[in-house]
1. Which one of these does Lys106 not meet: (1) part of a helix (DSSP H, G or I); (2) out of contact with any strand residue (DSSP E or B) (no Cβ under 6 Å at 6 or more places or on another chain)?
2. If you check Ile65, Ile58, which single one turns out to be surrounded by fewer than 17 Cβ atoms within 10 Å (Cβ to Cβ) and under 23 Å from Tyr101 (Cβ atoms)?
3. Do any residues in segment 41-68 that are in contact (Cβ under 8 Å) with a residue 12 or more places away in the chain and over 16 Å from Ile91 (Cα atoms) have Cβ atoms under 8 Å from those of residues that are surrounded by fewer than 16 Cβ atoms within 10 Å (Cβ to Cβ) and of a type in the set (Lys, Arg), where the two are at least six apart or on different chains, and which pairs are they?
4. For segment 81-114, what are the residues that are surrounded by fewer than 18 Cβ atoms within 10 Å (Cβ to Cβ), touching a residue at least 60 places away in the same chain (Cβ under 8 Å) and more than 13 Å from Val153 (Cβ to Cβ)?
5. Of the residues Val30, Val51, which single one is crowded, with 16+ Cβ neighbours inside 10 Å and of a type outside the set (Gly, Ala, Ser)?
6. Test of understanding: among Ser47, Ser27, Ser68, Ser56, which residue is assigned to a helix (DSSP H, G or I), out of contact with any His (no Cβ under 8 Å at 6 or more places or on another chain), at pLDDT below 90 and of a type in the set (S, T, N, Q)?
7. Does Leu125 qualify as being out of contact with any His (no Cβ under 7 Å at 6 or more places or on another chain), surrounded by 12 or more Cβ atoms within 10 Å (Cβ to Cβ), part of a loop (DSSP other than H, G, I, E, B) and not polar (S, T, N, Q)?
Amino acid sequence: MYPFLKFIHVVAAFTFFLGHGAAVAFSFRVKREKELTRVQAMLDLSSSMWVVYMLSLIMILIVGIILSFMGDWWSEGWVWVSMISFLAVTIWMFYLGQREYHPLRKAFGMPYRDSKGEHPAEEPLSEEKRVALIAKTKPHLMMLIAYGGFAVVLWLMMYKPF
């Protein structure tokens, strides 16, 4: 059963990263866009994968916890560092994504979410204000955090150094 669950864990990780492909491509491409309808389409494409990467993220976490019990890994330091790193990167990425990209939805006249909940679309902001919001995004930083953080988690799981 352990090898099968490890397979599911890896497939869930691939699904997570595949689902995130649209969001990653969007975050880099939007830096060069100004046209209202093009950015709206990219925002829709990026958010259309939300369910895929949320379900796969939950699956990674649940199966990882089960595998840790099955392998009796909880007494090992690497599993704790791996779990904390995974959760830290996930929380940090959600924070950055919401801070940078949810305001774009509002600025481009699309339904959006903030700390008060879901909101219907409003009139788009001026092109100057939209471009200024896009300029504030930091896709390279987000990529470095996500890629680096998950590379550390992968290294810990493969080499179990402590």
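The values are calculated or read from the model by the stated rules, or taken from the named source; none is laboratory data. Source: prediction; values computed, not measured. So basically every Cβ, Gly included, is an ideal-geometry build from the backbone, and we count neighbours across all protein chains shown.
1. Among (1) part of a helix (DSSP H, G or I); (2) out of contact with any strand residue (DSSP E or B) (no Cβ under 6 Å at 6 or more places or on another chain), Lys106 violates only (2).
2. On the way: Ile65 fails: under 23 Å from Tyr101 (Cβ atoms).
The unique qualifying residue is Ile58.
3. Met42/Arg29
4. Within segment 81-114, Gly97, Gly109 qualify.
5. Working: Val51 fails: crowded, with 16+ Cβ neighbours inside 10 Å.
Just one listed residue meets the conditions, Val30.
6. Numbers: Ser27 fails: at pLDDT below 90; Ser68 fails: at pLDDT below 90; Ser56 fails: at pLDDT below 90.
It is Ser47.
7. On the way: out of contact with any His (no Cβ under 7 Å at 6 or more places or on another chain): yes; surrounded by 12 or more Cβ atoms within 10 Å (Cβ to Cβ): yes; part of a loop (DSSP other than H, G, I, E, B): yes; not polar (S, T, N, Q): yes.
The answer is yes for Leu125.
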